[in-house]
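Scroll down for the structure; my scribbles are underneath it.
The values are calculated or read from the model by the stated rules, or taken from the named source; none is laboratory data. The model shown is predicted, which means the values in this text are computed figures rather than measured ones. Using ideal geometry, Cβ is built from the backbone for each residue, glycine included, and neighbour counts are taken over all protein chains shown. Accessible surface areas use protein heavy atoms only, side chains included; no ligands, DNA or RNA. Shrake-Rupley method; radii C 1.70, N 1.55, O 1.52, S 1.80 Å.
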Amino acid sequence: MKTSITHVALDTHKKQHQVAWIHPETAEIQEFTVANTAQELGRMVKRIRKQAPGEVHVCYEAGLCGFVLQRRLEALGCVAQVIAPSLVWRKPGERVKTDRRDARKLLTQFAAGQLTEVYAPDPAQEADRELTRCRQSAQEDLKQARQRLNSFLIRNGYIYQDGSHWTDKHGRWLKALVFDQPKLRTVFEEYRSQIEHCTQRLESLDKQVQSLAQSDRYRAAVGVLRCLRGIDTLTAITLLTEIFDFGRFDSPRALMAYLGVTPSEDSSGESRRPGAITKTGNRRARRILTEAAWHYRHPYAVSKALKLRRQDQPAWATDLADQAAKRLYRRYHHLLERGKASPVAVMAVVRELAGFVWAMLRQLPQQTQSPSP
């Protein structure tokens, strides 16, 4: 006898979830709400299994609840899927949106097999990603703290004009400032102490990220990625912790589409209208690859820093990195000669750089595999 499958969809929120499930025999849809706790989720699964014994398949959109909800459901014996929200079909003319409607819509598409599941990292991978994202947040906090101090000084007539900010010379200039109003001095010291705190926090996180990059799980991949121009330890470990498993992409084009660097298109009949890049998928990985791609606008040369990064790395990795550097430099200037703007040319470089990253990480397991006796 074939085991029936009960499909369940959750419209998730911080405190509670809207549940919609369809009975496998009667096709009746039932709805209720459940609190966002492990105990209430257990009661939800028992309630459904009491009415419809068999496998329970649950889905919800990726977002606020992360992957903890998926692990809780799997611990209860369910098959849980996290769905890509951008690929859930929506009617263009639909103007009413409620939790019940969202849960029903998700359930209908889930039962029909029309949803796309996102890759779910294991707890260790998710913890690694949280560390690199925390480091990025610390960098943004430092940038904002510095901007607040600069704005405060400009408002009060103190403008630094002797070079770049946040150098040793600029630091001596800050220490020498004199304020007539004691309250202004208090504000100045508060801003400075905040900058010092953010700087110390960023330095601490940098050390932890460096330690993560040298761990057994990432050392080899980080090493070969650092052979590429524009990619150092921080860029490499960020890419690895944001994308996790590059082997899940069958081709470099699949990775490019995931990063949202492929051009959009609106064509019909004989009319073809290519548009801007889609900007779907992982925006952090796309941003950091874009920063790396700007290095390829300069003529290729192996700098002292790049030579140090390539020490003790396999020859195949450096050869592939040399091919990438020469090709991407030609690609960038070829597009400029055709009249393309620099940002457009760089985005084309990003697209091909993603392909080289994919090729390098797909080749790594084959190259490191010990030869058979």
Within the stretch 215-245, which residues are assigned to a loop (DSSP other than H, G, I, E, B), open to solvent by 10 Å² or more (accessible area, probe 1.4 Å) and farther than 21 Å from Gln139 by Cα? Ser215, Asp216, Arg217, Tyr218, Arg226, Arg229, Phe244, Asp245
Gly269 being open to solvent by less than 60 Å² (accessible area, probe 1.4 Å), at pLDDT below 90 and either in contact with a Leu (Cβ under 8 Å, 6 or more places away or on another chain) or of a type outside the set (Val, Ile, Thr) (or both): no
All conditions in (1) within 19 Å of Arg219 (Cα to Cα); (2) of a type in the set (Phe, Trp, Tyr); (3) surrounded by 17 or more Cβ atoms within 10 Å (Cβ to Cβ) are true of Trp316 except (3)
Counting only residues that are within 28 Å of Gln181 (Cα to Cα), small (Gly, Ala, Ser), in a helix (DSSP H, G or I) and open to solvent by 30 Å² or more (accessible area, probe 1.4 Å), how many does the stretch 127-159 have? 1
Mind checking which pairs have a first residue in the stretch 180-191 that is under 15 Å from Tyr158 (Cβ atoms) and a second that is in a helix (DSSP H, G or I) and not aliphatic (A, V, I, L, M), Cβ under 8 Å, 6 or more apart or different chains? Val187/Phe152; Phe188/Phe152; Tyr191/Arg148; Tyr191/Phe152
Residue count, the stretch 246-263, condition assigned to a loop (DSSP other than H, G, I, E, B) and closer than 17 Å to Leu364 by Cα, comes to 3
Checking the structure you have, find out if any residue of the stretch 86-102 is open to solvent by less than 40 Å² (accessible area, probe 1.4 Å) and over 25 Å from the mean Cα position of the chain (by Cα). yes
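Could you list all residues from the stretch 198-216 that are of a type outside the set (Asp, Glu) and either in contact (Cβ under 8 Å) with a residue 40 or more places away in the chain or under 20 Å from Ile159 (Cα atoms) (or both)?
Listed by number, the residues that qualify are Cys198, Thr199, Arg201, Leu202, Leu205, Gln208, Val209, Leu212.
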What tally of residues in the stretch 348-370 results from selecting those that are at pLDDT 95 or above and charged (D, E, K, R)? 2
From the set of residues in the stretch 112-126 that are in contact with a strand residue (DSSP E or B) (Cβ under 7 Å, 6 or more places away or on another chain) and open to solvent by less than 50 Å² (accessible area, probe 1.4 Å), which is farthest from Ala27 (Cα to Cα)? Ala120
Can you tell me which residue among Phe188, Phe249 is buried (at least 18 other Cβ atoms within 10 Å of the Cβ), of a type outside the set (Ser, Thr, Tyr) and modelled with pLDDT under 95? Phe249
Please work out which one of (1) open to solvent by less than 60 Å² (accessible area, probe 1.4 Å); (2) more than 17 Å from Ile277 (Cα to Cα); (3) of a type outside the set (Val, Ile, Thr) is the condition Arg327 fails and give its number. (1)
